[in-house]
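A.B. asks: Dropping the structure in here first, questions after.
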Amino acid sequence: MPQLREAPPHSRVQEVTEILHGVTITDPYRWLEDQSSLETRCWLDAQSQYAGSYLDGIPGRERIRARVRELLDIETYDSIQQVGSRYLFRKRVCGREQACLFLREGSEGEDQLLIDPAERGTGPYTALKPLCASADGRLLLYELKVGGERTATFELLDIATRTPLPEILPRGFLRGFAFAPDGRSFYYVHEPAEEPKQQLHAAYHHVLGESLSNDREVFFAGEGRFLRLHIVAGREQLGFLVYRFGERTSADFYLWRFGSNRPPQRLIENAEYKFGPRLIEGKRVLAITDCNAPNLRIVEVHPRWGGVPKFVDLIPSSDVPIRSWLVAGDKIFVSYLRKLKTEIHIFDLSGHHVAELPSEEGETVRLTSGSETGGDLFYERESFSQPLEICRYSVASGQTKSWAARQVPLNSEEIATTQLWFPAADGTPIPMYLVGRPEILASGSHPTVMTAYGGYGVSMTPQFSVLVAFLLEQGCLFALPNIRGGSELGVEWHHAARRRSKPVAWSDFLAAAEWLIASGRSEAGKLAIFGGSHSGLLVGAAITARPELFRAALCMVPLLDMLRYHLFDRAHVWQEEFGTADNAEDFAALLAYSPYHRVRSGVAYPATMIVSGDCDQNCNPLHARKMTARLQAANISEHPILIDYSRYRGHSPVLPLSARVEALTDRLAFFCQELGLTA
């Protein structure tokens, strides 16, 4: 048995008391919000030693690590960009810590190495990703990240000579980028990593070979923390999309022809509806919108300068929402989710339906990239048992070929899936996937792991997970309920668990756990849950509402202090999803479920591992640090409360292979120990 000290490291209590909307709120661990303080760093060191004393002593850990490496150390491809007959992409070769950037001339050509991040001499946490290429295929824009940060540094490569250009956009957020048609300059919107006091939002024009300090401003959107500017690139014109975040999000959209002496012309003003434009075939503007179409439609926008533009349906709204869309060659590809099955429909540029990509029950098909000039569409397909495969569809021939399939050493025939419905607390039928070996699905109570998402309208469809695959090999049952807050059953499925109705998602998740126990599929002593980001918030809400239902919880890169989440980084843009404590009605709803505020002293909490790191700029790691301290102080069970923390971990999945192997080994060892599994 792993040995733990009698008590976790001491977390000093320093109460900060505020009155919000007439309610007294006391925060005992606000000092842990200061990531760089010596006291916080010492606390993290002590927590790492405490977690290590538990994790390092788990029997079978070396066997777990060896199997994890087998499952993770495979050849992978992603981020494919096509320009004419050239394909640019990221590829990781077996045994390498990070992926490299490659070029392929022609679809059947050999993979040619462009950039190896290992040659930069900056360590294994340096990761690269291709973003876009110039129209002539001569220049490549790529990002450089260190660890899991969301920010990046942006560099340019001359592909023919393999020479980096001197132009470097410093660490920050690139909100838009477009090469000029002649490839001799580019346009960009860049936000620095650290938010300046005066936040100006502007687009600039840079001529290659000149100093960035000489860049010319071509569009100014305004200033302020609640504003965001994006570039939409076309072959002959640029679009400037301006978002304003508040009680409701609104947007303006401007058009500007490359090199024009006229200022950008406003096409859309103060739109309080979704508007996602694409610029194609010269001057044509297509857009996806929910204006008069809750399930979304794709329209052509006819400008009426000085008046309201006309939306002409190309692809009308249907009985299910549009999930995503791409233009490749002279076709529009549209993804739908109908009865939890992915459908990809193909239309011509006039909106006429011409074909459909084949898909199967129980698999997810995901549009990834398309080239208007190259004529290829790339999409991914995967399922609970089949690892991700990248396919290339030729618009010219209508033929589909496999580009790359991940060869994971796993017997997929041993994994079966079934789907059922269970009643939510309010009686609403909720669909749920159950996955496991056939004999596990057939009968009996088994160790079970469950996850869900329940936010932002994100649909949870079948996908391959190494964590889940390993646990299935150990005889676990995996459960994925499609709780409200996603869009699996339409837009209203999302709206039913948004903002002040957010607890509906938590209730659905708890109802799934209760059903698994009541049906004899599992029991409280065998039920574990996991999730990250919004799903990490879901895990936190579940264990603080019904701790007796669960044996173990893995809570990764979460939001947990819902009264203060919007004050850090750029999380204020999520106001429409959660509301904020600045609003009295939102405050009451947030306080009722905020996991950090729902922790109660003297309660027996399940074994909990909270995962985070310094580089998380989406869900600030203060949430993980404060929640760990609060749970450790309140818990009276013998189950451990641990934090797995790394200075390099963030929200982006770009850690080196060795770090991913160790992190997944820790998580699986934790589950194996707590669920009584023999690795």
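A.B. asks: Segment 318-407: Rg/Rh from Cα coordinates, Kirkwood Rh?
C.D. replies: Values: Rg = 12.7 Å, Rh = 13.3 Å.
Rounded to two decimals, Rg/Rh equals 0.95.
A.B. asks: Still on this structure: When a/c reaches 1.5 or more, the comparison of a/b and b/c decides; with that in mind, is segment 2-88 rounded, prolate or oblate per its Cα gyration tensor? Before the final figure, lay out the partial values.
C.D. replies: Working: a/c = 3.40, a/b = 1.44, b/c = 2.36.
Oblate shape, in that a/c is at least 1.5 and b/c is the bigger or equal ratio.
A.B. asks: Using packing as a proxy for protection, rank 489-502, 195-208 so that the peptide with the highest average count of other Cβ atoms within 10 Å comes first.
C.D. replies: Numbers: 489-502: 18.4, 195-208: 14.8.
Ranked by mean Cβ neighbours within 10 Å, highest first: 489-502, 195-208.
A.B. asks: If you don't mind, there's one more thing I want to ask. So if each residue of separation counts as 0.36 nm, and I subtract the Cα-Cα distance between residue 202 and residue 162, what length gain in nm does that give? List each step's numbers first, then the result.
C.D. replies: Numbers: separation 40, 0.36 × 40 = 14.40 nm, distance 3.11 nm.
Going from the current span to full extension adds 11.3 nm.
A.B. asks: Please give the peptides 666-677, 158-169 ranked by average Cβ packing (other Cβ atoms within 10 Å per residue), highest first, as a rough proxy for protection. It would help to have the intermediate numbers written out before the result.
C.D. replies: On the way: 666-677: 22.7, 158-169: 13.7.
The densest-packed peptide leads the list: 666-677, 158-169.
A.B. asks: Modelling each spin label as a point 7 Å along the Cα-to-Cβ direction, I'd like the residue 212/residue 442 distance in nm, to one decimal.
C.D. replies: Result for the modelled spin labels: 6.3 nm.
A.B. asks: Looking at segment 333-431, which trypsin sites (Lys or Arg not before Pro) are in a loop (DSSP not H, G, I, E or B) and have at most 16 other Cβ atoms within 10 Å?
C.D. replies: Numbers: sites: 338, 339, 341, 366, 381, 392, 401, 406; in loops: 339, 406.
Filter output for segment 333-431: 339, 406.
A.B. asks: In addition: Grab the beta carbon distance between residue 131 and residue 193, set R0 = 22 Å, and tell me the FRET efficiency rounded to 0.05. Don't skip to the end; give the middle numbers.
C.D. replies: Details: r = 17 Å, r/R0 = 0.79.
It comes out at approximately 0.80.
A.B. asks: Further question on the same structure: Just flag the trypsin sites (Lys or Arg not before Pro) in segment 250-335 sitting in loop per DSSP whose Cβ has no more than 16 other Cβ atoms within 10 Å. Walk me through the numbers before you get to the answer.
C.D. replies: Working: sites: 257, 266, 274, 278, 283, 284, 297, 304, 310, 323, 331; in loops: 274, 283, 304.
Passing sites in segment 250-335 are 274, 283, 304.
A.B. asks: Beyond 27 Å, what share of the Cα-Cα pairs of segment 153-293 is found? Please give it as a whole percent.
C.D. replies: Working: 2381 of 9870 pairs.
When all Cα pairs of segment 153-293 are counted, 24 percent exceed 27 Å.
A.B. asks: Determine the calculated [θ] at 222 nm for the chain from helices alone, applying -39500 (n - 2.57) to every DSSP H run no shorter than 4 residues and normalising by the residue count; nearest 500 deg cm²/dmol.
C.D. replies: Details: 12 runs with 126 residues, N = 679.
Taking each H run of at least 4 residues, the total per residue is -5500 deg cm²/dmol.
A.B. asks: Stokes-Einstein at 10 °C, 1.306 mPa s, Kirkwood radius from Cα pairs: D for segment 77-161 in µm² s⁻¹? Could you put the intermediate results ahead of the total?
C.D. replies: Working: Rh = 13.1 Å.
For these conditions, the coefficient is 121 µm²/s.
A.B. asks: Also: If the cut-off is 28 Å between C-alpha atoms, which lysines fall inside it for residue 341, apart from same-chain ones fewer than 8 positions away?
C.D. replies: 274, 331, 401, 502
A.B. asks: Then there is this: With the crude spin-label approximation of a point 7 Å out along Cα→Cβ, what separation in nm comes out for residue 85 versus residue 45?
C.D. replies: For the pair residue 85/residue 45, the computed spacing is 6.0 nm.
A.B. asks: Here is a follow-up. Full extension from residue 119 to residue 518: what is 0.36 nm times the residue separation minus their Cα-Cα distance, to one decimal in nm? Write down the numbers at each step before the final one.
C.D. replies: Details: separation 399, 0.36 × 399 = 143.64 nm, distance 5.62 nm.
Stretched fully, the residue 119-residue 518 segment lengthens by 138.0 nm.
A.B. asks: Length gain on complete extension for the stretch residue 261 to residue 338, per 0.36 nm per residue less the alpha carbon to alpha carbon distance? Don't skip to the answer; put the middle values down first.
C.D. replies: Numbers: separation 77, 0.36 × 77 = 27.72 nm, distance 4.75 nm.
Full extension of this stretch gives 23.0 nm more.
A.B. asks: Let me ask something else about it. Between segment 561-586 and segment 90-122, how far is it from one alpha carbon centroid to the other, in angstrom?
C.D. replies: 41 Å
A.B. asks: Oh, and also: With a Förster radius of 35 Å, plug the Cβ-Cβ distance of residue 400 and residue 284 into 1/(1 + (r/R0)^6) and report the FRET value to the nearest 0.05.
C.D. replies: E(calc), rounded to 0.05, equals 0.85.
A.B. asks: Stokes-Einstein D for segment 349-462 at 10 °C, 1.306 mPa s, Kirkwood Rh over Cα pairs, in µm²/s? Before the final figure, lay out the partial values.
C.D. replies: Values: Rh = 17.3 Å.
The estimated diffusion coefficient comes to 92 µm²/s.
A.B. asks: Follow-up question, since we're still on this one. If you count, for each residue, the other Cβ atoms within 10 Å and average over each peptide, how do 475-488, 56-69 line up from highest to lowest?
C.D. replies: Values: 475-488: 24.6, 56-69: 16.6.
Highest mean packing first, the order is 475-488, 56-69.
A.B. asks: Another question about this same structure. Kirkwood Rh over alpha-carbon pairs of the chain, then Stokes-Einstein at 4 °C and 1.567 mPa s: what D in µm² s⁻¹, rounded to an integer?
C.D. replies: On the way: Rh = 26.6 Å.
Rounded, D is 49 µm²/s.
A.B. asks: When the Kirkwood hydrodynamic radius is evaluated over all pairs of different C-alpha atoms of segment 403-469, what value in angstrom, to one decimal, is obtained? Write down the numbers at each step before the final one.
C.D. replies: Working: mean 1/r = 0.0689 Å⁻¹.
Taking the inverse mean of 1/r over all distinct Cα pairs, segment 403-469 comes out at 14.5 Å.
A.B. asks: Take the alpha-carbon positions of segment 442-493, form their convex hull, and give its projected area averaged over all directions (one quarter of the hull surface) in nm². Intermediate values should be presented prior to the final figure.
C.D. replies: Working: hull surface 17.1 nm².
Computing the convex hull of the Cα atoms and averaging its projections yields 4.3 nm².
A.B. asks: Taking the Cα centre as origin and putting +1 on Lys and Arg beta-carbons and -1 on Asp and Glu beta-carbons, what dipole magnitude results for the chain, to the nearest 20 debye?
C.D. replies: Details: 72 positive and 82 negative charges, 90 e Å.
So the magnitude is around 440 debye.
A.B. asks: Compute the distance in nm between two label points, each set 7 Å from the Cα along the Cα-to-Cβ direction, one at residue 105 and one at residue 225.
C.D. replies: Inter-label distance under the simple model: 5.3 nm.
Rule-based calculations on the coordinates, nothing more; no lab input. What you see is a predicted model, and the numbers here were worked out from it, not measured in a lab. Glycine also receives a Cβ, built like all others from the backbone with ideal geometry; neighbour counts cover every protein chain displayed.
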